[in-house]
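**Student:** Have a look at this one before I ask anything.
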């Protein structure tokens, strides 16, 4: 019985480390031309499918939703680049919102709280 307890504890530590890495990748993604976010998104989808813990599943869902809403807003505001300055302003605001969401989620995860 004790062996099972250690295995469960190790799985939780591994999952927790993975979540921290995913939040980190998403947070620095705007500075990597979103490449790191795409990699993290794939891992989010894979891990979410296997996740039994509601807290971890909620954080995966939060990260996935934040990524897709950001992409939607980037596409919608892309025509503003015809006027150049409004496009940069819009994308700066979207980028700030993106980083805020991931930092907020990361801090809430660190406190073992649900993202919303």
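The values are calculated or read from the model by the stated rules, or taken from the named source; none is laboratory data. Values in this document were obtained by computation on a predicted structure and should not be read as measured data. For neighbour counting, all protein chains shown are included, and Cβ atoms are generated from backbone atoms with ideal geometry for every residue, glycine included.
**Student:** Of the residues that make up the stretch 59-69, is at least one surrounded by 12 or more Cβ atoms within 10 Å (Cβ to Cβ) and modelled with pLDDT under 95?
**Tutor:** No, the stretch 59-69 has no match at all.
**Student:** State which residue is modelled with the lowest pLDDT when the search covers only the stretch 22-52 and only residues that are farther than 20 Å from residue 70 by Cα and either surrounded by 12 or more Cβ atoms within 10 Å (Cβ to Cβ) or in contact with a helix residue (DSSP H, G or I) (Cβ under 8 Å, 6 or more places away or on another chain) (or both).
**Tutor:** 51
**Student:** Another question, then. Filter the stretch 79-116 down to the residues that are under 17 Å from residue 66 (Cβ atoms) and not in a helix (DSSP H, G or I), then identify the one that is nearest to the chain's Cα centre (by Cα).
**Tutor:** For the stretch 79-116, the residue satisfying everything is 115.
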